[in-house]
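A.B. asks: Take a look at this one; I'll ask things after.
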Amino acid sequence: MKKLMIFITTALLITLAGCSASNSSKDNNTNITKDLTKLDTDSGNISITKEPEYSNNDVARVISSETSWAFDISDPSVVLENSDYFLKVRVKTKEKTEYFVKNTIMPSSTYNLEVLDVLKNDDGTVPNNIKLAVEGGIVSMQDYVNTMDEDTKKKTKSDKLSKKELKENVMINDESYYELKQGQEYYILVCDLTNDENYKGYYGIREGGYDVFQEKNGEYVNVLTNHILDIQK
């Protein structure tokens, strides 16, 4: 199935203070995604961009938003300061993608992780196995449409979608999206969201791939930027 990527420029200002957490027939389909874009931008411009890497090929459309951040997420030392823990983990399983916050465009992919080591703030509270929420992921068009109010459904013509179209998969993400791979080991900067009313029981990486590192030649290298994290600073 040919995939269509829609790039939506939005004003999603992330104002996280540290990790305090809570807070994101085919011609007819194209018209709907154009209308969705017009709701989020004054210009309504659409541009085709490079597809992110992800494992599910049965995706009809990719909707990607541009996000404004409250701090420089490309600087690993800054992201480190705004995290609760730095963990070495192994991905056990990838679970379903779901909406933790109602009426938001951005779902979260969820993972079961084995914690192999705690490299920052080892306070003895991080269990050996944790659940992780990562913003972005694949949902059905029906789940996506369910995030809209009735007025938005009419404006975007999503209320005209057929049952077949509502069953199609759509990838929703931003530029920070990174898919963790089952069986792989990573070093991740996480926020403790276990007591958050929306993410209760979960840890989170709020900056997506900017929180994810792999060890190369004894250094922690970010998977998106190749910038090195020095946890000694």
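Read-outs: derived from the displayed coordinates by stated rules, not from any lab. Everything numeric in this text was worked out from a predicted model, so none of it was measured. Cβ atoms come from the backbone with ideal geometry, glycine included; neighbour counts cover every protein chain shown.
A.B. asks: How about segment 193-233: which GluC sites (Glu not before Pro) there lie in a loop by DSSP and see at most 13 other Cβ atoms within 10 Å?
C.D. replies: Hits after loop and neighbour filter: Glu197.
A.B. asks: Still on this structure: Could you pull out every residue, at least 5 positions away or on a different chain, whose amide H is within less than 5 Å of the one on Leu116? Hs are placed 1.01 Å off N in the peptide plane, and Pro or chain starts have none.
C.D. replies: Lys88, Val89, Arg90
A.B. asks: Next up: Specify which residue in the list Ser140, Ser65, Asn129 is farthest towards the positive end of the charge dipole of segment 57-167, using unit charges on the beta carbon of Lys, Arg (+1) and Asp, Glu (-1), about the Cα centre.
C.D. replies: The Cα lying farthest towards the positive end belongs to Ser140.
A.B. asks: For Asp75 and Arg90, compute 0.36 nm times the residue count separating them, minus their Cα-Cα distance, and round to one decimal in nm.
C.D. replies: Stretched fully, the Asp75-Arg90 segment lengthens by 3.0 nm.
A.B. asks: Further, regarding this structure: Could you compute the FRET efficiency for Lys153 and Lys200, with r as their C-beta to C-beta distance and R0 at 35 Å, rounded to 0.05?
C.D. replies: 0.75
A.B. asks: Search the structure for amide H atoms under 5 Å from the amide H of His227, placed 1.01 Å from N in the peptide plane, and list their residues when 5 or more places away or on another chain.
C.D. replies: Amide H neighbours of His227: Asn222.
A.B. asks: Let me ask another. If you find the alpha carbon centre of segment 203-220 and of segment 100-128, how far apart are they in angstrom?
C.D. replies: Cα centroid to Cα centroid, the span is 13 Å.
A.B. asks: Same structure, new question: Rounded to the nearest 0.05, what FRET efficiency is calculated for Glu114 and Lys164 with R0 set to 41 Å and r the Cβ-Cβ distance?
C.D. replies: 0.55
A.B. asks: Right, here's the next one. So what is log10(I(q)/I(0)) for segment 100-233 at q = 0.11, 0.17 1/Å, when the Debye sum runs over its Cα atoms only?
C.D. replies: Treating every Cα as an identical point scatterer, log10 I(q)/I(0) equals -0.50, -0.97.
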